[in-house]
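A quick write-up on the structure given underneath.
The values are calculated or read from the model by the stated rules, or taken from the named source; none is laboratory data. All values derive from a computational prediction rather than experimental measurement. We place every Cβ from the backbone using ideal geometry, glycine too, and count neighbours over all the protein chains shown.
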Amino acid sequence: MTAVRWGRGRFGRTVAAVTAAVCALSAAACGSSDDEPVTTVTVTSTPGASSAPSEPSTRHTDSGAKLAAGFTKLQASLSSPVGVAIVPVGGGDPVVFGDQTPRVAWSTIKVPLAVAAERKNGRSDAEAAAIVNSDNAAAESLWGSLGTPKQAAAAVTEVLREGGDEKSTVPSERAREGFSIFGQTRWSVRDAATFTAALPCMDGTDHVLELMGGVAGNQQWGLEAIEKRATAVKGGWGPAENGGYLVRQIGIVTLRNGARVAVAMATQTAAGSDAEGAAVLSSVGEWIGENLTAVPSGRCR
């Protein structure tokens, strides 16, 4: 197994502390499933003219090829396959790399869940706990506040549709004993990034984004490895049924010019713990930070 590349950023300087925090919180986040085969592919696409952000992308014409080459080199240094999708805030075609196998959302689905619950019931301590601490009991409370499981699933799915995700559907029945219904939502990184790019532009999402900007230590990895950038993130992780961990993150990075980029990424470890997956995503986060001038960024229209 290739050794994990620890970055030079904030996460890299606090490896021991963050690893301990992530390991300690394993039981506090949703679990994972591994019932689909992993296929490692590398795909890139560029923002289309019909769906380009309201302001020009900062990417150069050859940046897509450079990003693809850079990701291939990065992936070779990591201990598990990674899937990444990048979408400019305000809309645009996803730029995708690596493993695009659709996997369960785990605690990243708490973002649209929190949006749906706040719209119906207003702000709550449960909402803050579900996002900041990734507290499962709090998230279950939000889910219950939306009505029956079918009503809750429909409400959260509606938020996904509003965010441009036309494919993912939140289930209304428990798929895996011991884990939340909503956490078992199949959410590809492409669809997750599309939704995340729309999140700042949707009505009634400011508070959720504020909470994502102040997550606790158990989620300070991935995009949080980027130094001196405003980030808003939500992580999710849990054990696979046959060993290993699925670790995911959605988030938004703000560039110095005020434009923003949305990212979704995930890794499925063959063995080990969630800390290993978090370290892998921190390496990806640092790589994204080093290439921010090449990734597509935008603003709400």
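Put simply, of Arg301, Arg260 the only residue that is surrounded by fewer than 20 Cβ atoms within 10 Å (Cβ to Cβ) and closer than 20 Å to Gly90 by Cα is Arg301. Close contacts from the stretch 238-258, counting a first residue that is at pLDDT 95 or above and a second that is among the acidic types (Asp, Glu) and surrounded by 21 or more Cβ atoms within 10 Å (Cβ to Cβ), with Cβ to Cβ under 9 Å and a gap of 6+ residues or different chains, come to Leu246/Asp274; Val247/Asp274; Val247/Glu276; Gln249/Glu224; Gly251/Glu224.
Quick check on Arg229: is it farther than 28 Å from Gly289 by Cβ, basic (Lys, Arg), surrounded by fewer than 22 Cβ atoms within 10 Å (Cβ to Cβ) and in contact (Cβ under 8 Å) with a residue 40 or more places away in the chain?
Values: farther than 28 Å from Gly289 by Cβ: no; basic (Lys, Arg): yes; surrounded by fewer than 22 Cβ atoms within 10 Å (Cβ to Cβ): yes; in contact (Cβ under 8 Å) with a residue 40 or more places away in the chain: yes.
For Arg229, the condition - farther than 28 Å from Gly289 by Cβ, basic (Lys, Arg), surrounded by fewer than 22 Cβ atoms within 10 Å (Cβ to Cβ) and in contact (Cβ under 8 Å) with a residue 40 or more places away in the chain - is not met.
Listed conditions (1) more than 13 Å from the chain's Cα centre (by Cα); (2) at positive phi; (3) among the hydrophobic types (A, V, I, L, M, F, W, C) are all met by Trp106, apart from (1). When each of Thr44, Thr101 is tested for being at pLDDT below 95, β-branched (Val, Ile, Thr), within 22 Å of the chain's Cα centre (by Cα) and over 30 Å from Glu177 (Cβ atoms), the lone residue that passes is Thr44. Is it the case that the stretch 68-84 has a residue that's among the small types (Gly, Ala, Ser) and part of a strand (DSSP E or B)? Scanning the stretch 68-84, I find at least one residue that is among the small types (Gly, Ala, Ser) and part of a strand (DSSP E or B), so the answer is yes. From the list Gly147, Gly204, the one residue that fits, being more than 17 Å from the chain's Cα centre (by Cα) and without any contact (Cβ under 8 Å) to a residue 24 or more places away in the chain, is Gly147. Taken together, Arg186, Arg176 contain a single residue that is at pLDDT below 95 and either touching a Gly at 6+ places or on another chain (Cβ under 9 Å) or of a type outside the set (A, V, I, L, M) (or both), which is Arg176.
What residue, among those in the stretch 178-205 that are charged (D, E, K, R) and over 16 Å from Pro239 (Cα atoms), is surrounded by the fewest Cβ atoms within 10 Å (Cβ to Cβ)?
Among them, the one singled out is Asp203.
Against the list (1) in contact with a helix residue (DSSP H, G or I) (Cβ under 6 Å, 6 or more places away or on another chain); (2) part of a loop (DSSP other than H, G, I, E, B); (3) over 18 Å from Lys234 (Cα atoms), the condition Glu173 fails is (1). Please tell me if Val82 is surrounded by 14 or more Cβ atoms within 10 Å (Cβ to Cβ), modelled with pLDDT of 95 or more, of a type in the set (A, V, I, L, M) and within 20 Å of Ala198 (Cα to Cα). Considered against the rule, which asks whether it is surrounded by 14 or more Cβ atoms within 10 Å (Cβ to Cβ), modelled with pLDDT of 95 or more, of a type in the set (A, V, I, L, M) and within 20 Å of Ala198 (Cα to Cα), Val82 comes out as no.
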